Amino acid sequence: MIEDPLSTRDRTTPLRVLSRSDLADVPISPAEVVRAVEDAYIAFAGGDSDNPRKLSVANPDGWSVAYAMLGRDGWRRVVAMKTSYKFDPGHDRSTKRYYTTITLYDDTTGAPIAMMDCARVGALRTPAVSALLVRETVRREADSALLIGTGTQGRNALPHLLAANPQLRKLMLFGTHPEGIEAVHRELSRHRPHAVLQTVDDPHAAARTADVILATAGPGTEVAVESADLKPGAVTVLVGYGLAPSTLHNADRVIATSAAQMALTGTDMADEQGVLRGVDAELPQILARRAVARRHEDERIFVYNSGLVLTDIAVAHALAERAVAEGRGTEVALWD
């Protein structure tokens, strides 16, 4: 039996700091990420974990926004705190600054496990959540998907989507940045060398043929797929931007990872009266088979992926295990 590198740590253990470069090439497959995220949701649905609502503060002029999230993973016996801070005064890539960290503690020994840069955790966790949302909501005969956006989330979306939905063989991509388009193709080829991805010029026309639409574009996108662009039975997943509010308000069913999180972060999808449509079911309850996702094949389903810190904990812990086993990072006697 291989010893867990984290299980031998006690409360006298120094804090292991894992930087972005320490974590950049730690091996973990999309299928492993999807399984870790699913386990975290099921534990939460079973009452074994805690995920309080996130706290946020924002500059009144819109220059910055910060979040703090606390969670306890009852299956892994890990408590964690995640923070994120985005400074974006010019709303362009040259001035944007974004910092996110997560600190893990062993809830069996009281020992610190690691303080980690959270960029890769989020880059893996979010597409894994989308993959599970699609798996639970997609119609039985679905075989096509359109990805909108080529940023970090877009680049990781398709390998995770296919890990949970291998039946999706007709893959389409819309993006406006040539280097991003190339990166999406490259990342898909790395994990699925035989997959075929078609780059499209008209996202609205492509949406009319797609069973699944993943909207991961940035806030500057001009794409806003409308409900009129959707065929019967289509699933639209909002991760970033790229969907118009009509896809929510005209949907037959609304699914979210968390209704509370959607109410906090999904206000840009409100209607003209400022009303945000309610959620019919949440992913943790669906995975635990306590709620129904799709009721019939022709339902158009809107899905909101806001993430829960429990999924960050699951992915961060998996990365930390591998990084610590390889001796990565720097130990800091922070409390000496």
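The table below lists the values:
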{"quantity": "Residue count for the range 139-150, restricted to those that are surrounded by fewer than 24 Cβ atoms within 10 Å (Cβ to Cβ) and either over 11 Å from ALA210 (Cα atoms) or in contact with a helix residue (DSSP H, G or I) (Cβ under 6 Å, 6 or more places away or on another chain) (or both)", "calculated": "3"}
{"quantity": "Residue count, the range 240-262 (criterion: part of a loop (DSSP other than H, G, I, E, B), of a type in the set (S, T, N, Q) and open to solvent by less than 60 Å² (accessible area, probe 1.4 Å))", "calculated": "2"}
{"quantity": "Set LEU147, LEU133, LEU168: member being hydrophobic (A, V, I, L, M, F, W, C), under 24 Å from ASP252 (Cα atoms) and in a loop (DSSP other than H, G, I, E, B)", "calculated": "LEU168"}
{"quantity": "Any pair with Cβ under 6 angstrom, 6 or more apart, that starts in the range 299-316 at a residue that is more than 19 Å from GLY266 (Cα to Cα) and touching a residue at least 40 places away in the same chain (Cβ under 8 Å) and ends at one that is open to solvent by less than 10 Å² (accessible area, probe 1.4 Å) and polar (S, T, N, Q)", "calculated": "LEU310/SER49"}
{"quantity": "Flag if THR265 is β-branched (Val, Ile, Thr) and either farther than 20 Å from GLY149 by Cβ or buried (at least 22 other Cβ atoms within 10 Å of the Cβ) (or both)", "calculated": "no"}
{"quantity": "Verdict on SER21 being open to solvent by 50 Å² or more (accessible area, probe 1.4 Å) and farther than 19 Å from HIS317 by Cβ", "calculated": "yes"}
{"quantity": "Filter result for the condition that a residue is surrounded by 15 or more Cβ atoms within 10 Å (Cβ to Cβ) and without any contact (Cβ under 8 Å) to a residue 60 or more places away in the chain, over ALA206, ALA195", "calculated": "ALA195"}
{"quantity": "Considering residues of the range 96-135 that are farther than 25 Å from LEU283 by Cβ and of a type in the set (D, E, K, R) only, the residue modelled with the lowest pLDDT", "calculated": "LYS96"}
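The values are calculated or read from the model by the stated rules, or taken from the named source; none is laboratory data. Just so we're clear, the structure is a prediction, and the values are computed from it rather than from any experiment. Every residue, glycine as well, gets a Cβ built from its backbone with ideal geometry; the counts of neighbours run over all protein chains shown. For the accessible areas, the whole protein counts, side chains as well, though only heavy atoms, and no ligand, DNA or RNA atoms are used. Shrake-Rupley method; radii C 1.70, N 1.55, O 1.52, S 1.80 Å.
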